[in-house]
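Comments concern the structure below.
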Amino acid sequence: MSLGIGVIGAGVMGADHVRIIAGEVARAHVVAVCDANRARAETAAAETGARVIPDPFALIADAAVEAVVIASPDETHADYALACIAACKPVLCEKPLAPTQAEALRIVEAEQGGGRRLVQVGFMRRFDPSYEDIRARLVAGDLGAALLLHCVHRNAGAPPSFTAAMSITSAAVHEFDVARWLLGTEIKNIQVFKSGTRRSGAMHDPLLVLLQTDRGPLVDIEVFMNARYGYDIRTELVCERGTLTMAPPVDATIRRDGVQSFPFAADWRLRFAHAYRRQMQAFVDSIANGRPVGANAWDGLVATAIAEAGIAALASGRAETIALPERPGFYG
Ligand code: ISE
């Protein structure tokens, strides 16, 4: 049996998901693709033999579409996720689940109302072997309790239209999810410090973000969108009896002319290639075995809530509290 997947959005991430499903995932195939730009949808579909269905809601309703991947612009995610829930079709939604907590709550409520877990949010780092290893070693307990989590999130470059708020909603949001998942705790408040460099009216780069957690460990995050030299994600977890540091994700180091070096990935698709593939395989398998995996709709809501508070903190310069509704028992 092979699961028929419809992919909404054929831009950078959507086209990558199509390629991954078609070439790297077992027991699934792409049946339909849609994109506001028809030519882009056709290019992605042509590589897999899938149909182009121009209307995303028609794609969700199509009988051959058994599960959906949402990789369209952020502001469209909530409407498509709600339509998937209404059609009772499992959905892997790229982050953010929704741009606002209010919209994310509608998804959480709709999913609960239907009584079945259908939504997985594309926080792919939960499927990255290096994060999995750090988490497993923390859970094993030999190093004692976690005290501090240091995160570095550097992109080679961001488009000129990028804003500091987007550094939070698009980049730091991964660290918010990682922090909750690794530390097994909620985030109480967030403070954002701007560096002196201002590239345009709405861009401050880098940012330094501080999170206080319910259980005590502190989290600091450097978000640097124009680091120039490559895509560089680093994590160090400081515990009571030692530290856990993410090793550089390289296949080989180079020694030449008295220098040892290794190349950086150009962007997240290369750095997290294994994670994206494993995430998609886990999504497909979870539908077959009825055991949902990865970040759920509640995790998506919380990440959005932290990002919203982060935008407020960017403006106020103060620590902003993260206000959440009570966690529904539905999400365990
Ligand atoms: C991008 O949108 C992503 O989702 C990547 O995972 C992240 O690392 C990058 O900073 C974002 O711009």
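The numbers here are math on the coordinates, done by the rules we state, and not lab data. These numbers come from a predicted model, not from an experiment. Cβ atoms come from the backbone with ideal geometry, glycine included; neighbour counts cover every protein chain shown.
Points worth noting:
- Extension gain, residue 234 to residue 132: 0.36 nm times the residue separation minus the Cα-Cα distance gives 35.3 nm.
- Label-point gap, in nm, between residue 251 and residue 87 - each point 7 angstrom along Cα→Cβ: 3.8
- At most 16 other Cβ within 10 Å, DSSP loop - trypsin sites (Lys or Arg not before Pro), the range 105-162: 116
- Relative to the compact-globule estimate of 2.2 N^0.38 Å, the Cα radius of gyration of the range 156-314 comes out at 1.16.
- Projected label distance in nm at residue 208 and residue 147, using a 7 Å step from Cα toward the beta-carbon: 1.9
- Over all directions, the projected convex hull of the C-alpha atoms in the chain averages 18.4 nm² in area.
- Working note: Karplus 6.51/-1.76/1.60 with θ = phi - 60° gives the range 220-232 the couplings 10, 10, 8, 10, 10, 7, 10, 7, 6, 7, x, 8, 9 Hz, where Gly and Pro are set to x.
- Hull volume in cubic angstrom per residue (convex hull over the Cα atoms of the range 1-100): 83
- Restricting the chymotrypsin sites (Phe, Trp or Tyr not before Pro) of the range 214-251 to loop positions (DSSP other than H, G, I, E, B) with no more than 15 neighbouring Cβ atoms within 10 Å leaves 229.
- Taking the convex hull of Cα positions in the range 223-332, its mean projected area over all directions (nm²): 12.0
- Its relative contact order, with pairs defined as Cα atoms under 8 Å and 6+ residues apart, puts the chain at 19 percent.
- Cα centroid separation, the range 261-332 to the range 240-258 (Å): 26
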